[in-house]
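Student: First the structure, which I've put down as structure tokens, then a few questions once you've had a look.
The values are calculated or read from the model by the stated rules, or taken from the named source; none is laboratory data. What you are looking at is a predicted structure, and each value in this text was computed from that prediction instead of being measured. Note: ideal-geometry Cβ built from the backbone for every residue, glycine included; neighbour counts use all protein chains shown. Just the protein is used for accessible areas: all its heavy atoms, side chains included, with ligands, DNA and RNA removed. Shrake-Rupley method; radii C 1.70, N 1.55, O 1.52, S 1.80 Å.
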Amino acid sequence: MTTTYAALLRGINVGGSKKLPMAQLRTLLTELGHTGVATYLQSGNAVFTAGHGDEESLAAELAEAIEKHFGFRVDVLIRDHAYLRSVREDCPFPADTLEGRQLHVTYFSGPVDPERFAEIDRAAYLPEEFRLGTRALYLYAPAGLGRSKLAEHLSKPRLNKSLIATSRNWNTVVKLAEMTADAD
């Protein structure tokens, strides 16, 4: 039995560091025995089908292969189509009425306790808002992520301690759900 996954790589091809060409990522995934390999954009999004492993073991396998091949460590999250679809469907904001740059999802490596974010004065950041989902945080930033004070606060290391966290805009969230569905 095979499963279609998306690989979400954190912090590559940003600001001139950790350069990882998508063509080489596709080759690497194929060399690991995966099929149906495709990438999306240049920011570390890949889709593939695997006949072995689970999200955690596949993430560890890919992170190790990247380190061996490119010489640097990259945090990797692997998510299957069912999860990606549920993130899209469970969005607490009116995604259909917003621009893709206004809505973001931060994917986490594990469950997130709401207590982690309890100290945030949500009213101080309005109209920006965030809501927690299953291993995900939804962020509404009407002026975009680059101008978001709330996004800056949410990215503080103490809030994400012991978790891998990587964010994608809504357009990418939707596209990865579609790409993993097409491959099924």
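Student: When only DSSP loop residues count, what trypsin sites (Lys or Arg not before Pro) in region 105-167 have their Cβ near at most 15 other Cβ atoms within 10 Å?
Tutor: Qualifying residues, ordered by number: R158, K161.
Student: By a straight-distance test (C-alpha under 28 Å), which lysines pair with K156 as possible cross-link partners, with residues fewer than eight away in the same chain excluded?
Tutor: K18, K19, K175
Student: Using helices alone, I'd like the mean residue ellipticity at 222 nm for the chain: each DSSP H run of four-plus residues gives -39500 (n - 2.57), total over residue count, nearest 500.
Tutor: It lands at -9000 deg cm²/dmol.
Student: While we're on this one: Quick one: among A118, A38, A59, which has the greatest mean-square fluctuation in a GNM of the chain with alpha-carbon springs under 10 angstrom?
Tutor: A118
Student: Please arrange L32, L41 by accessible surface area, largest first, computed with a 1.4 Å probe and ligands excluded.
Tutor: Putting L32, L41 in descending order of accessible area: L41, L32.
Student: Provide the per-residue ³J(HN,Hα) series for region 77-93, in order, calculated from phi with Karplus coefficients 6.51, -1.76, 1.60 and θ = phi - 60°, each as a whole number of Hz, with x at glycine and proline positions.
Tutor: Each residue of region 77-93 in turn: 10, 10, 9, 7, 4, 4, 5, 4, 5, 5, 4, 5, 5, 8, 4, x, 10 Hz.
Student: Taking region 1-101, which trypsin sites (Lys or Arg not before Pro) meet the DSSP loop condition and have no more than 12 other C-beta atoms within 10 Å?
Tutor: K19, R73
Student: Put E67, E61 in order of accessible area, largest first, 1.4 Å probe: what do you get?
Tutor: Largest to smallest exposure gives the sequence E67, E61.
Student: Test of understanding: in a Gaussian network model of the chain with alpha carbons linked when under 10 Å, which of H69, H81, H104 would top the mean-square fluctuation ranking?
Tutor: Result: H69 has the largest fluctuation of those listed.
Student: Let me ask another. Distance between Cα centroids, region 132-147 to region 10-53: provide it in whole Å.
Tutor: Using only Cα atoms, the two centres lie 24 Å from each other.
Student: Please list, ordered by chain and number, the residues whose modelled amide H lies under 5 Å from the amide H of G133; skip anything fewer than 5 residues away on the same chain.
Tutor: For G133, the qualifying residues are Y138.
Student: In addition: So, with a 1.4 angstrom probe, what is the percent of accessible area on the chain that is carbon and sulfur?
Tutor: With neighbouring chains kept in place, the figure for the chain is 49 percent.
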